[in-house]
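Asks: Here it is: the structure, laid out below.
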Amino acid sequence: MDPAGWGLTVRVLVVNAGSSSLKLRLLDHDDAVLRAAEPTSPAGLACALRGWERPDVVGHRIVHGGTEYTGPVRVDDEVRARLEELTDLAPLHQPAALTALDEVTTLLPGVPAVACFDTAFHAGMPAAAATYAVPAEWRERYAIRRYGFHGLSHAYCSQRAARMLDRPRAGLRVVTCHLGAGASLAAVLDGRGVDTTMGFTPLEGLVMATRSGTVDPGLVLWLQEHGGLSAHEVATALEHRSGLVALAGSADLREVEAAAGRGAPDALLALAVYTHRLVAGIASMAAAIGGLDVLAFTGGVGENSATVRARATDRLAFLGVAIDPAGNRSASGDTDISAPGAAVRTVVVAAREDLQIAHETRLLSERAPR
């Protein structure tokens, strides 16, 4: 491929940098994985790419695009500088992604780089869903709004669910449940994000592994004013010492489920709180799109915890959700676990952010001048 004119993209190197992880996938023109690696250091990244086929383009997962980037964008010096300026909005993830971007660019000179954003899928949410009821000067000066995250996962999951069920996206009402260490829901109508549970930061919404999810902002103020805690102390606790680890002593849901099975009170409470927030969130997302046709679970917990899926769907029967217990227990990969005749189809979708990144990267390259 001619880097100056782009041309037809064949091989896409997908770089998915988390706050403490890095996943590399080299995909060919039909999305077959040619190479895969998860290096643990910059030196490991160079070693991992040694001997790999040269990609035509590199697609990078970038967590935050702010209000400016609502779709994939080719990275040049101006874009790179702007992404740096957005670091304050995602201090845990943006630096790691930009480090990976710089390192891969150095290792693959002349190969175009495309940034694909976790916030982009939610950028078109209606103002009613995106706007906080806070002073206008805050919203304008600090670009305060509900951004939402996990957008690459929600986009792929909703599209894959429609294909699995052979349903057109037009008019299809889908709630996607990205449940992992971080967790969020999205309401998807006509293939577009209409609402989501995360907000200005990834702290809003569901109970997560170490994050609190939504808490009363008055609680934060009270802890600072009356508990003598600094903003940093509160932020660190809500991000790293809350959620499942605060309720049950473990951030690993598998351990929590095992302890609950033994009757441990803390674990039972943790599962109850986790499920309560999840069910309430799904119902809220369904209300945002006027009902529910498909409920889709993805992410480490969404794909692997039959217990969470069963506990959640049991309480969503009023929406027409019903699953087959045996199918739920044996689900592996992309699976329809709906009960026969259920009004709402329930599916499990293997998380493949790499495919969504590759898809968006190719779309951008095909639109570029040749």
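Asks: For the range 23-57, what are the residues that are basic (Lys, Arg) and free of Cβ contacts under 8 Å to residues at least 40 places away in the same chain?
Replies: Hits for the range 23-57 are ARG35, ARG50.
Asks: Of all the residues that make up the range 40-64, how many are over 25 Å from GLU85 (Cα atoms), open to solvent by 20 Å² or more (accessible area, probe 1.4 Å), part of a loop (DSSP other than H, G, I, E, B) and not charged (D, E, K, R)?
Replies: Number of matching residues: 3.
Asks: Would you confirm, using the coordinates I've provided, whether GLY333 is touching a strand residue (DSSP E or B) at 6+ places or on another chain (Cβ under 8 Å) and surrounded by fewer than 15 Cβ atoms within 10 Å (Cβ to Cβ)?
Replies: Details: touching a strand residue (DSSP E or B) at 6+ places or on another chain (Cβ under 8 Å): yes; surrounded by fewer than 15 Cβ atoms within 10 Å (Cβ to Cβ): yes.
Here the answer is yes, as GLY333 does meet what is asked.
Asks: Using beta carbons and a limit of 6 Å, which pairs, at least six apart or on different chains, have the first residue in the range 181-207 and under 21 Å from LEU253 (Cβ atoms) and the second one of a type in the set (Phe, Trp, Tyr) and open to solvent by less than 20 Å² (accessible area, probe 1.4 Å)?
Replies: Taking only residues 6 or more apart or on different chains, the pairs are MET198/PHE149; PRO202/PHE149; VAL207/TYR274.
Asks: If you take the residues in the range 9-31 that are among the polar types (S, T, N, Q) and within 17 Å of ALA48 (Cβ to Cβ), which one is least open to solvent (accessible area, probe 1.4 Å)?
Replies: ASN16
Asks: Which ones in the range 204-220 are among the polar types (S, T, N, Q) and open to solvent by less than 60 Å² (accessible area, probe 1.4 Å)? Show your work before the answer.
Replies: The initial filter retains those residues of the range 204-220 that are among the polar types (S, T, N, Q), namely 210, 212, 214.
THR210, SER212 - these are the residues of the range 204-220 that are among the polar types (S, T, N, Q) and open to solvent by less than 60 Å² (accessible area, probe 1.4 Å).
Asks: Just to verify a result, which residue in the range 104-125, among those that are β-branched (Val, Ile, Thr) and crowded, with 24+ Cβ neighbours inside 10 Å, is farthest from ARG61 (Cα to Cα)? Break it down into steps so the answer makes sense when it comes.
Replies: Residues of the range 104-125 β-branched (Val, Ile, Thr): 104-106, 111, 114, 119.
From the residues that got through so far, the ones that are crowded, with 24+ Cβ neighbours inside 10 Å too are 114, 119.
On the way: VAL114: 9, THR119: 10 Å.
Going through the qualifying residues, I end up with THR119.
Asks: List every residue pair whose Cβ atoms lie under 6 Å apart, where the two residues are 6 or more positions apart in sequence or sit on different chains, the first residue falls within the range 58-70 and is over 15 Å from THR361 (Cβ atoms), and the second residue, located anywhere, is buried (at least 24 other Cβ atoms within 10 Å of the Cβ) and among the hydroxyl-bearing types (Ser, Thr, Tyr).
Replies: From the range 58-70, the pairs are HIS64/THR119.
Asks: Please pick out the residue among PRO72, PRO109, PRO91 that is within 29 Å of HIS240 (Cα to Cα) and either over 22 Å from the mean Cα position of the chain (by Cα) or of a type outside the set (A, V, I, L, M) (or both). Break it down into steps so the answer makes sense when it comes.
Replies: Working: PRO72 fails: within 29 Å of HIS240 (Cα to Cα); PRO109 fails: within 29 Å of HIS240 (Cα to Cα).
Answer to the check: PRO91.
Asks: Restricting attention to the range 221-253, which residues are surrounded by 15 or more Cβ atoms within 10 Å (Cβ to Cβ) and over 29 Å from ARG311 (Cβ atoms)?
Replies: The answer is LEU223, LEU229, VAL234, ALA235.
Asks: Separate question: Among SER250, SER230, which is at pLDDT 95 or above, closer than 27 Å to ARG315 by Cβ, more than 20 Å from the chain's Cα centre (by Cα) and hydroxyl-bearing (Ser, Thr, Tyr)? Quick ask: steps written out before the conclusion?
Replies: On the way: SER230 fails: closer than 27 Å to ARG315 by Cβ.
Going through SER250, SER230 in turn, just one is at pLDDT 95 or above, closer than 27 Å to ARG315 by Cβ, more than 20 Å from the chain's Cα centre (by Cα) and hydroxyl-bearing (Ser, Thr, Tyr): SER250.
Asks: What do you reckon, is ALA339 of a type in the set (A, V, I, L, M) and in contact (Cβ under 8 Å) with a residue 12 or more places away in the chain? Let's see the steps before the verdict.
Replies: On the way: of a type in the set (A, V, I, L, M): yes; in contact (Cβ under 8 Å) with a residue 12 or more places away in the chain: yes.
Taking the combined requirement at face value, the residue satisfies it.
Asks: Mind listing whichever residues of the range 177-198 are out of contact with any Phe, Trp or Tyr (no Cβ under 7 Å at 6 or more places or on another chain) and open to solvent by less than 10 Å² (accessible area, probe 1.4 Å)? I'd like the intermediate steps shown before the answer.
Replies: Pass one, the range 177-198, residues out of contact with any Phe, Trp or Tyr (no Cβ under 7 Å at 6 or more places or on another chain): 178, 180-183, 185-192, 194-197.
Hits for the range 177-198 are ALA183, LEU185, ALA186, ALA187, VAL188, THR196.
Asks: Looking at (1) closer than 30 Å to VAL188 by Cα; (2) among the polar types (S, T, N, Q); (3) loosely packed, with under 15 Cβ neighbours inside 10 Å, find the lone condition where THR275 falls short.
Replies: (3)
Asks: If only one of ALA130, ALA155 is within 21 Å of THR214 (Cα to Cα) and either touching a helix residue (DSSP H, G or I) at 6+ places or on another chain (Cβ under 7 Å) or modelled with pLDDT of 95 or more (or both), which one is it? Steps first, answer last, please.
Replies: Numbers: ALA155 fails: within 21 Å of THR214 (Cα to Cα).
Result: ALA130 is the single residue among ALA130, ALA155 that is within 21 Å of THR214 (Cα to Cα) and either touching a helix residue (DSSP H, G or I) at 6+ places or on another chain (Cβ under 7 Å) or modelled with pLDDT of 95 or more (or both).
Asks: Which ones in the range 313-359 are farther than 30 Å from ILE62 by Cβ and assigned to a helix (DSSP H, G or I)? Reasoning before the result, please.
Replies: Going residue by residue through the range 313-359, those that are farther than 30 Å from ILE62 by Cβ are 313-332, 335-346.
Once the filter is applied, which keeps residues that are farther than 30 Å from ILE62 by Cβ and assigned to a helix (DSSP H, G or I), the range 313-359 yields THR313, ASP314, ALA317, PHE318, LEU319, PRO325, ALA326, GLY327, ASN328, ARG329, SER330.
Asks: For the range 338-359, how many residues meet the condition of being under 22 Å from the mean Cα position of the chain (by Cα) and either open to solvent by less than 40 Å² (accessible area, probe 1.4 Å) or β-branched (Val, Ile, Thr) (or both)? Step through it out loud before you land on a result.
Replies: At the first step, the residues of the range 338-359 found to be under 22 Å from the mean Cα position of the chain (by Cα) are 345-359.
Keeping just the survivors that are either open to solvent by less than 40 Å² (accessible area, probe 1.4 Å) or β-branched (Val, Ile, Thr) (or both) gives 346-350, 353-358.
So the answer is 11.
The values are calculated or read from the model by the stated rules, or taken from the named source; none is laboratory data. This structure is a prediction, so every number in the text was calculated from the model and none was measured. Note that we place each Cβ from the backbone using ideal geometry, even for glycine, and neighbour counts take in every protein chain shown. Areas reflect the complete protein model, heavy atoms only, side chains present, ligands, DNA and RNA absent. Shrake-Rupley method; radii C 1.70, N 1.55, O 1.52, S 1.80 Å.
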